[in-house]
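Colleague: Handing you this structure, nothing more for now.
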Amino acid sequence: MTLKAYLVEDSPVSRENLAGFLEDVADAKVVASASTEDEAVTWLRLHRDDWDMTIVDLFLKRGNGLGVISACRNRAPHQKVVVLSNYATADMRDRSSRLGADACFDKSAELDQLVAYCATVHPSHG
């Protein structure tokens, strides 16, 4: 079953590349995307059950990914929040994790780990 991914990424090029990559390699379909914190939080509030994994970049056009992670706190048990950032420092990984992120990957070096992680997430049936 295909994983429904929600992308929060402010770079159109990164968003497009990541969407193609996820669909080709991780059996995931990008159901929607946002480039700002407000846009992401609003979409998540209106589409509670429409995603299995939210992939969040920490630095956005307006706001940041930490606010998006916080907005996902009251999610279903199968829903996962993953940080994908060029700033996946130990401190950022720790902060993301404390806010409720399930995993954190470096955008430039850990895409294989992201794919492996996607394979462990079980999509909702419906």
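Colleague: Give me the pairs: first residue in segment 1-26 and free of Cβ contacts under 8 Å to residues at least 40 places away in the same chain, second residue part of a strand (DSSP E or B), beta-carbon distance under 6 Å, and six or more apart or on different chains, which are they?
Modeller: Arg15/Leu7; Arg15/Ser33; Ala19/Val30
Per-residue answers, yes or no, for (1) part of a loop (DSSP other than H, G, I, E, B); (2) not charged (D, E, K, R):
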| residue | (1), (2) |
| --- | --- |
| Arg73 | yes, no |
| Pro77 | yes, yes |
| Leu84 | no, yes |
| Ala101 | yes, yes |
| Gln113 | no, yes |
| Ala119 | no, yes |
| His122 | yes, yes |
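Colleague: Could you grab me the full set of residues in segment 26-37 that are more than 18 Å from Gly65 (Cα to Cα) and either small (Gly, Ala, Ser) or loosely packed, with under 14 Cβ neighbours inside 10 Å (or both)?
Modeller: Correct list: Ala26, Ala28.
Colleague: Being of a type in the set (A, V, I, L, M, F, W, C), more than 11 Å from the chain's Cα centre (by Cα), at pLDDT 95 or above and surrounded by 15 or more Cβ atoms within 10 Å (Cβ to Cβ) is true for just one of Ala71, Ala40, Ala5. Which residue is that?
Modeller: On the way: Ala40 fails: more than 11 Å from the chain's Cα centre (by Cα); Ala5 fails: more than 11 Å from the chain's Cα centre (by Cα).
After ruling out the rest, the residue left standing is Ala71.
Colleague: Could you grab the pairs with beta carbons closer than 8 Å, sequence gap of 6+ or different chains, first residue in segment 75-92 and more than 14 Å from Ile55 (Cα to Cα) and in contact (Cβ under 8 Å) with a residue 40 or more places away in the chain, second one surrounded by 13 or more Cβ atoms within 10 Å (Cβ to Cβ) and not hydroxyl-bearing (Ser, Thr, Tyr)?
Modeller: His78/Asp52; His78/Val121; His78/Pro123
The values are calculated or read from the model by the stated rules, or taken from the named source; none is laboratory data. Please read all numbers here as calculations on a predicted model, not as lab measurements. Positions of Cβ are backbone-derived with ideal geometry, glycine not excepted, and every protein chain shown enters the neighbour counts.
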